[in-house]
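Since the structure comes first, as structure tokens, the remarks are kept for the end.
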Amino acid sequence: MSARWVLWLLLAVPAAGFADPFVLPWDDALPGVVTDFSAMNTPIGPAAQVSVDANGHFVANGQRVRFLGVNFAGDSPFMPTNKADAVAARLAKFGVNCVRFHHMDASWAYNGGILAYTTTKSTNFNASQLEKVQFVVSRLKAHGVYSDINLLVGREYRSADGLGPNVTTMDWKDSHILGYPGLRAFPVINLGDKTACRFSG
């Protein structure tokens, strides 16, 4: 088709046709419509713990599970609690069954992130931020959406974390080479374990 025909078609479409945007409301969880996949996600209970079978597949409730996920970063992990249930329902409606919580531990994260960088250790939580994240996780769980919590992403290591005094002079990205598989220093693994235990309560 020549450019002239394309131009003619574009000019032939009434301008009003372009004035109505196609919008997907953030809080639409209307059930029973063609775009509702929420029935695929059942609330997550004790039996729904994810494991790996002998073939290397994820299983939950004795059945193979495939994850369709999104990222929560920036201010998303710390959303107002009055929005969390609507967001979880909306994600479930689209068939999302996993959310990755990312960069919550950075000092530059929304409102300072999930950690309180007020001492010489990077293992102290910001209580109000932690409460928000835990509430979001609980609402996701109620809608059958799993949570992947990343706790060693943008962490600002401190002098008493057991990584030596020079860790505080490293750029935050450089210091995270300590957390990569195969290079993981035991104190970094220990920090992640301690944080995970405190996060889960």
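For this structure, a couple of remarks:
To keep it simple, each residue is scored yes or no on (1) in a loop (DSSP other than H, G, I, E, B); (2) under 17 Å from Gly144 (Cα atoms).
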{"residue": "Pro31", "(1), (2)": "yes, yes"}
{"residue": "Ala88", "(1), (2)": "no, yes"}
{"residue": "Leu91", "(1), (2)": "no, yes"}
{"residue": "His103", "(1), (2)": "yes, no"}
{"residue": "Tyr117", "(1), (2)": "yes, no"}
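- Residue that is farthest from Leu91 (Cα to Cα), among those in segment 121-168 that are of a type in the set (Ser, Thr, Tyr) and modelled with pLDDT of 90 or more: Ser128
- Out of Gly112, Gly95, Gly74, one residue alone is within 22 Å of Trp172 (Cα to Cα), surrounded by fewer than 19 Cβ atoms within 10 Å (Cβ to Cβ) and more than 13 Å from the chain's Cα centre (by Cα). It is Gly112.
- Taken over segment 61-81, the residue count meeting the criterion of being of a type in the set (S, T, N, Q) and assigned to a loop (DSSP other than H, G, I, E, B) is 1.
- Selection status of Asp174, outside any loop (DSSP other than H, G, I, E, B), touching a residue at least 60 places away in the same chain (Cβ under 8 Å) and exposed (fewer than 15 other Cβ atoms within 10 Å of the Cβ): no
- Search result, residues across segment 145-171 that are outside any loop (DSSP other than H, G, I, E, B) and either crowded, with 17+ Cβ neighbours inside 10 Å or aliphatic (A, V, I, L, M) (or both): Tyr146, Ser147, Ile149, Arg155, Val167
- Any hit, segment 121-144, residues being within 16 Å of the chain's Cα centre (by Cα), part of a loop (DSSP other than H, G, I, E, B) and either touching a residue at least 24 places away in the same chain (Cβ under 8 Å) or closer than 17 Å to Ala86 by Cβ (or both): yes
The values are calculated or read from the model by the stated rules, or taken from the named source; none is laboratory data. Just so it is clear, the model here is predicted, and its values are computed rather than measured. Every residue, glycine as well, gets a Cβ built from its backbone with ideal geometry; the counts of neighbours run over all protein chains shown.
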